[in-house]
1. Is there any pair with a first residue in the stretch 226-254 that is under 30 Å from residue 164 (Cβ atoms) and a second that is at pLDDT below 90 and assigned to a loop (DSSP other than H, G, I, E, B) whose Cβ atoms are under 6 Å apart and which are 6 or more apart or on different chains, and what are they?
2. Mind counting the residues in the stretch 27-63 that are open to solvent by 10 Å² or more (accessible area, probe 1.4 Å) and not polar (S, T, N, Q)?
3. Is it true that some residue in the stretch 286-308 is modelled with pLDDT of 90 or more, closer than 26 Å to residue 107 by Cβ and either buried (at least 19 other Cβ atoms within 10 Å of the Cβ) or in contact with a Phe, Trp or Tyr (Cβ under 9 Å, 6 or more places away or on another chain) (or both)?
4. How many residues, within the stretch 80-95, are more than 30 Å from residue 185 (Cα to Cα), open to solvent by 30 Å² or more (accessible area, probe 1.4 Å) and in a loop (DSSP other than H, G, I, E, B)?
5. Tally up the residues in the stretch 248-285 that are over 22 Å from the mean Cα position of the chain (by Cα), surrounded by fewer than 16 Cβ atoms within 10 Å (Cβ to Cβ) and either closer than 15 Å to residue 69 by Cα or among the aliphatic types (A, V, I, L, M) (or both), please.
6. With respect to residue 115, determine if the residue is open to solvent by less than 30 Å² (accessible area, probe 1.4 Å) and part of a loop (DSSP other than H, G, I, E, B).
Amino acid sequence: MIYERAITPAATDTQKVGRDLTPNMRALRLTMRIAEQLLCHGVSAHDVVDSALDITETLCQRRVHIDINATSIMASQDRGIDREPLTLIRTVSMQNPNNLIVQEMQDLVRSIRGGLSLDSAEARFEKIIAVKPTYPSWLTMIGNASVTAGATMLFTNSWVVVVTTFLVGCLVDRLIRWLEARQVLSFFVQAISSFTITMSATLVVELGNRGVWPFVGVNPTLIVVGGIVMLVAGLMVVATAQDAIDEFYVTASARFMKTFMMTAGIVMGIVIGLLVAHGAGSKIAVSPDPVALGDPFWQVMGAVVIAAGWALFMQSKLGCCRVGRNNWRVGMGRLYVDCCKWRGTGKRCRGSISRICGGNHCSYVSFTIDRSHRCRCRAAGAGTRTLQRVNAVRR
């Protein structure tokens, strides 16, 4: 029995640990490791529990109870009145987002439900952990910085502002990785990053005031807004709300407090940056008023850039990022966006954008367009052929 082996001298030999584990214990250990990988990459507690229960119901003969409290996972199994119950607890530490690993784990869970043997499941899991599929850091940096550029495109079509915010996003992404490598707390990472964004906007303003082309007349508010969107995008707001709705209140409360503290770090960094800039004699002014949206066409393009950049930063599979290439071909095929008042056209716009983008990112994009402008989209030339190919892939 497991508990008897734990107190014998032979159990102190690390080379013998796990050699004689029962299939039930191996299945529980595999379940905990898969649940850890899902939770540490930002998957909601309800989805983690569902995946874990799918494994235990397939590989274990007796029912297993799975519970998640903030950053700990507990699996408990009652093995009858004549045997001791099993309880496993695993602590989870959050990691950088990596949808490649999450999707591989979800595929593994589906394969287990489909009849994959325990030996094959363990070997496949070890292979995923050993390889750790990931994109190069420079590629995820481009994706993260594209979020700032896309957010700016919602308000302006000035290439100077878009390029400037993209470069600031690249700088902040490198800074965040450097701070995380030195185990700086998330609160101070957010504060230092927002401070850097504010000082970058101050530098652009000072260059414009001195007549340096092309920074004359650049609105610093757009640079700060674009940078803040990149920082806010990393917060687990959706997962927090989902955990609260699914009644995982402890996990939801912990994630909410983390979101609150990281948001407070952003605010503190901006305030300190403005104080430092004004103390140095700069005349930078960041308006707290809502920024007016720009041309509807550039709003659509900005939303596409944000969705594609975020998918790339989250390290989604290339099949999910293929939409970015198709979207640009639609743009080259003369994608027209007109404002109209007819309600039915807004519905058609929502459907067209969903065919182009697909996935959860597109739901947000189409909702924004439909509620704000009642847009109408039509594609001509190469864009129409691209839409047909996208629909064929989705079918």
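1. 236/42
2. Qualifying residue count for the region: 17.
3. yes
4. Going through the stretch 80-95 one residue at a time, the tally reaches 5.
5. Selection size over the stretch 248-285: 5.
6. no
The values are calculated or read from the model by the stated rules, or taken from the named source; none is laboratory data. If you're wondering where the values come from, they're calculated on a predicted model, not measured in any experiment. Glycine gets a Cβ as well: all are built from the backbone with ideal geometry, and neighbour counts include every protein chain shown. Surface areas here come from the heavy atoms of the whole protein model, side chains and all, with no ligands, DNA or RNA. Shrake-Rupley method; radii C 1.70, N 1.55, O 1.52, S 1.80 Å.
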